[in-house]
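Nothing in this text is a laboratory measurement; each read-out follows from the coordinates by a stated rule. Here the structure is a predicted model, which means the values were calculated and not measured. Cβ atoms come from the backbone with ideal geometry, glycine included; neighbour counts cover every protein chain shown.
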Amino acid sequence: MAGAYKTPGVYIVEKNAFPNSVVEVATAVPAFIGYTKIADNKGTSLHEKPWRITSMSEFINYFGGEPDDKFEIAEKGADDAADFKSSGKEYVLKRPNGKADTKRYYLYRAMQLFYQNGGGPCYIVSIGTYSDEGVKRKDLEAGVDKLLKEQEPTMVVIPDAVALDEGDCIGVQQYSLKHCGYQMKNRFAILDIHDGFKERTDPKGDPVAAFRGDLGTNYLNYSAAYYPWLNTSIVQTTDLDFSS
């Protein structure tokens, strides 16, 4: 190098003596809490145990497939929100035998959407199975508590919360906000608006205004909420069985 310098003076030559010490890591690692078909790792129960996966095939291997949802098709009543239209008439999907919507499970479909849109590593906290009595607030909150010792997750997602009534759904969301903003301070809650499929002009009230008024003001900088619910093609017609 000395031969390259034509005039006297002080020259600074920077040399990289050490390899790059910055290691690329995932910055968005969600933890999904909800109900699954099974929760098993080769005979070892994964119930209420945060479990790291990296693909939809791993989810199915450890937690099983989709819930067996059954509905009856009925003409829309005065107090119903139409699910679809056919031949000029509006129809709704109702649970057979008057079963409550708390038997509707959302986690599996959320996982499908997550991985079909580029999802990667995440944690699953299975807090019950489809054979249980339905979605319960205390189960979901217990699932949040199971994340206290996990350092990698940066987001908390509870799709099954919207199966609860509005008050319990808000309670679960406030619980997750406290977990993120008060207990951990290193993660973010992704919230769904209860009845987010309804229009803001719905006769029974604006779901966004109800959500914002009930959620409160604590730890809101550790969360984000999305409206409206999206219509997707995640479930194809070929996936449906129209037999009675």
- Query: Check Lys49: other-chain or 5+ apart residues with amide H under 5 Å from its amide H, H built from backbone geometry?
  - Reply: Ser126
- Message: Need the list of lysines near Lys85 for cross-linking: C-alpha distance under 22 angstrom, and skip anything on the same chain fewer than eight residues off.
- Response: Lys70, Lys76, Lys94, Lys198, Lys204
- Note on the structure: By the C-alpha gyration tensor axes a ≥ b ≥ c (rounded if a/c is under 1.5, else prolate when a/b exceeds b/c, else oblate), the shape of segment 106-162 is oblate
- Say each of Ser87 and Thr217 gets a label point 7 Å from the Cα, pointing the same way as Cα to Cβ; how far apart are those two points in nm? 5.6 nm
- Between Asp132 and Asn41, the two model label points (7 Å from Cα along the beta-carbon direction) sit apart by a distance in nm of 1.9 nm
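For segment 177-235, what is the per residue volume of the convex hull drawn over the alpha-carbon atoms, in cubic angstrom? The partial results should precede the final answer.
On the way: hull volume 5.6 nm³, N = 59.
Convex hull volume per residue, Cα atoms: 95 Å³.
Against the globular-protein guess of 2.2 N^0.38 Å, express the Cα radius of gyration of segment 131-239 as a ratio, rounded to two decimals. Could the numbers behind the result be given before it?
Working: Rg = 14.9 Å, N = 109, 2.2 N^0.38 = 13.1 Å.
Scaled against compact globular proteins, the figure is 1.14.
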- Query: Between Ser55 and Arg200, what is the label-to-label distance in nm when each label sits 7 Å out along the Cα-to-Cβ direction?
  - Reply: 4.3 nm
- Once fully extended, how much extra length lies between Ile234 and Ala142, figured as 0.36 nm per residue of separation less the alpha-carbon to alpha-carbon distance? 30.2 nm
- For Met155, distant residues with modelled amide H under 5 Å away: Val29, Ala31, Phe188
- Note on the structure: Its Cα gyration tensor gives segment 75-210 an equivalent ellipsoid whose semi-axes in whole Å, largest first, are 30, 17, 16
- Find how much the distance from Leu113 to Ala28 grows on full extension, using 0.36 nm per residue of separation minus their present alpha carbon separation; answer in nm with one decimal. 29.0 nm
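Tally Lys and Arg at +1 and Asp and Glu at -1 over the other residues with C-beta under 15 Å from the C-beta of Leu113: what net charge comes out? Don't jump to the answer; show the numbers that get you there.
Numbers: positive: Arg109; negative: Glu66, Asp160, Asp192, Asp239.
Summing Lys/Arg as +1 and Asp/Glu as -1 gives -3.
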